[in-house]
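Contents: one structure, followed by commentary.
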């Protein structure tokens, strides 16, 4: 039957319509009661879902670098990822990430723009944020091939004047790290090569290049930030030796060990205090994660009077706009 003929369609419908039967009164009552029961159950389900949603804690919103092992990556394989998961689990929630490369403007574009509430792994003295109590303290280290038997344990080792030495550089301006400054003060310059902490960000694990250079014997010894150095040293095809660089009396104003904490926006004291409490309650779990990732731990130091310097990539303050640009925490 074609739609061009509406009249014919109406007549056919009239012929096929069944007779309408009025239901009895008790049938209407039964139908009305059933509908009321269905509506009541549906309303209860909605109210329960709303209550559950209202009671669910907000996610732990973390901003992190997606290509910065051993600290963080997009697959959440870094030890800062694991520590964030521990804290979120204690809160009964999950971690929600905003990924942002640790370059110039990192803090401004993440914490400053309300994209996240938490920055893992910042220097405890970083003035741009409000920090928790430190949850670990690490140090710069010497990294050599084990088969070389160099066993360098001091910045005053005379062999550092003749060996090929690698140091980390931070930022686009090639700012020197504390070990680079320490060598320069000793006149050790010509035999030193710089490796950018940023590296080639198009490649995985940019900070690893300095450790790979030691493994290939491109350089004899690297002076690098401990958590990164130990992690990648364990992943080289040859055995590597990692030795903490000891504090030297001559370097009292140039520290080589640093307290690492969690950063939140300035003024968010309640959030900071809540994170401090979490760090205390989950202390053993955090220590187990640090041990699993071979993070070299340094002895705690008195915070008062410590100079506000920072390790390689640990939220280095820009000279220009007050942001942080860094890799390595």
- Note on the structure: residue 102: passes all of (1) in contact with a strand residue (DSSP E or B) (Cβ under 8 Å, 6 or more places away or on another chain); (2) crowded, with 16+ Cβ neighbours inside 10 Å; (3) modelled with pLDDT of 95 or more but (3)
- Message: Can you tell me which residue is farthest from residue 261 (Cα to Cα) among those in the range 125-136 that are touching a helix residue (DSSP H, G or I) at 6+ places or on another chain (Cβ under 8 Å) and assigned to a loop (DSSP other than H, G, I, E, B)?
- Response: 128
- Item | Lone unmet requirement of (1) surrounded by fewer than 18 Cβ atoms within 10 Å (Cβ to Cβ); (2) in a loop (DSSP other than H, G, I, E, B); (3) in contact with a helix residue (DSSP H, G or I) (Cβ under 6 Å, 6 or more places away or on another chain) for residue 93 | (3)
- Message: Within the range 255-280, take every residue that is out of contact with any strand residue (DSSP E or B) (no Cβ under 9 Å at 6 or more places or on another chain) and more than 29 Å from residue 140 (Cβ to Cβ) and give me the one that is surrounded by the fewest Cβ atoms within 10 Å (Cβ to Cβ).
- Response: 270
- Query: Does residue 206 meet the test of being within 24 Å of residue 221 (Cα to Cα) and in contact (Cβ under 8 Å) with a residue 60 or more places away in the chain?
  - Reply: yes
- Query: Restricting to the range 137-158, what's the tally of residues that are surrounded by 12 or more Cβ atoms within 10 Å (Cβ to Cβ) and outside any loop (DSSP other than H, G, I, E, B)?
  - Reply: 11
- Considering 80, 90, which residue is closer than 23 Å to residue 232 by Cα and at pLDDT 95 or above? 80
- Task: Name the one entry in 229, 213 that is under 27 Å from the mean Cα position of the chain (by Cα) and more than 30 Å from residue 128 (Cβ to Cβ).
- Result: 213
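The values are calculated or read from the model by the stated rules, or taken from the named source; none is laboratory data. Small disclaimer: the values here were computed from a predicted structure and weren't measured. Cβ sites come from the backbone with ideal geometry, for glycine too, and all protein chains shown count toward neighbours.
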